[in-house]
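Single-structure report; data block below.
The values are calculated or read from the model by the stated rules, or taken from the named source; none is laboratory data. These numbers were taken from a predicted model, which means no experiment stands behind them. Counting neighbours? That spans all protein chains shown, and the Cβs are built from the backbone with ideal geometry, glycine included.
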Amino acid sequence: MSQSELVSTTAGAITLAIDTSDFKNGMHFYMDGDVWTIVEFQHVKPGKGGAFVRTRLRKVRSGQVIEKTFRSGERVEPAFVEKEKMQYLYRQGGQAIVMDLDTYEQIPIPEADLGPQGKYLKEDMEITALRAGEETLGYELPNFVELEVVETDPGFKGDTVSGSNKPAKLESGATVLVPFHINTGDVVKVDTRSDSYLERVKK
């Protein structure tokens, strides 16, 4: 996301504001004093009344996810966030040890700083540190991860009834709902933004 995409001019003056027509997945902006990321959005034009934009937002600092509706054309202040790639190494005493991929420095960060997505961390996984100036606002995991199921009730062949799910514990420690035909040892693909099972990658 380049600054030129966000800066608009009004009567020759530069205004650091964007409206809903500029929304993109992954865009950052300020709201109520915090930086939020657009997870997904949808422009809606009802038959009656004004158009609006339905969004799913994630607070960068805490990982909290909310649903919010904006009026079409409503303006927000963009946050110019730098992204820095890091590699997750291991957990130790309530901290996640990550490595800066530029300097190879190992940095401990509180697991709480990773937000709800932290439960999907796997050794050697790349994560992204979000920085504004010298301040680290938070961290992002990949939107999709592939993890092995380490514990779940036995599945049955042909048991693929739509809408039927069971809990499954993954190698990272996270638990998600999966279809009944998934077994221990299967590798599944999960959307870390919605905690939802997507597909079985391999048995």
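Can you tell me which condition Arg61 does not meet? The list is (1) within 28 Å of Leu114 (Cβ to Cβ); (2) in a helix (DSSP H, G or I), and all the others hold.
Result: Arg61 passes all but (2).
Okay, residues lined up against (1) surrounded by fewer than 14 Cβ atoms within 10 Å (Cβ to Cβ); (2) without any contact (Cβ under 8 Å) to a residue 12 or more places away in the chain; (3) under 26 Å from Pro78 (Cα atoms):
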site: Pro110; (1), (2), (3): yes, no, no
site: Gly118; (1), (2), (3): no, no, yes
site: Pro167; (1), (2), (3): yes, no, no
site: Gly185; (1), (2), (3): yes, no, no
site: Arg200; (1), (2), (3): no, no, no
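So, in the range 40-68, of the ones that are among the aliphatic types (A, V, I, L, M) and over 15 Å from Leu130 (Cα atoms), which residue ends up farthest from the chain's Cα centre (by Cα)? Spell out the reasoning first.
We begin by selecting, within the range 40-68, every residue among the aliphatic types (A, V, I, L, M); these are 44, 51, 53, 57, 60, 65-66.
From what is left, the residues that are over 15 Å from Leu130 (Cα atoms) are 44, 51, 53, 57, 65-66.
Details: Val44: 23, Ala51: 27, Val53: 19, Leu57: 9, Val65: 9, Ile66: 12 Å.
Selected residue: Ala51.
Against the condition assigned by TED's automatic domain parsing to the domain that holds Glu123, of a type outside the set (Gly, Ala, Ser) and farther than 14 Å from Ala129 by Cα, how does Leu89 come out, does it pass?
Here the answer is yes, as Leu89 does meet what is asked.
Does Gly73 qualify as being in contact with a helix residue (DSSP H, G or I) (Cβ under 7 Å, 6 or more places away or on another chain), in contact (Cβ under 8 Å) with a residue 60 or more places away in the chain and in a loop (DSSP other than H, G, I, E, B)? Steps first, answer last, please.
Details: in contact with a helix residue (DSSP H, G or I) (Cβ under 7 Å, 6 or more places away or on another chain): yes; in contact (Cβ under 8 Å) with a residue 60 or more places away in the chain: no; in a loop (DSSP other than H, G, I, E, B): yes.
It is false that Gly73 is in contact with a helix residue (DSSP H, G or I) (Cβ under 7 Å, 6 or more places away or on another chain), in contact (Cβ under 8 Å) with a residue 60 or more places away in the chain and in a loop (DSSP other than H, G, I, E, B).
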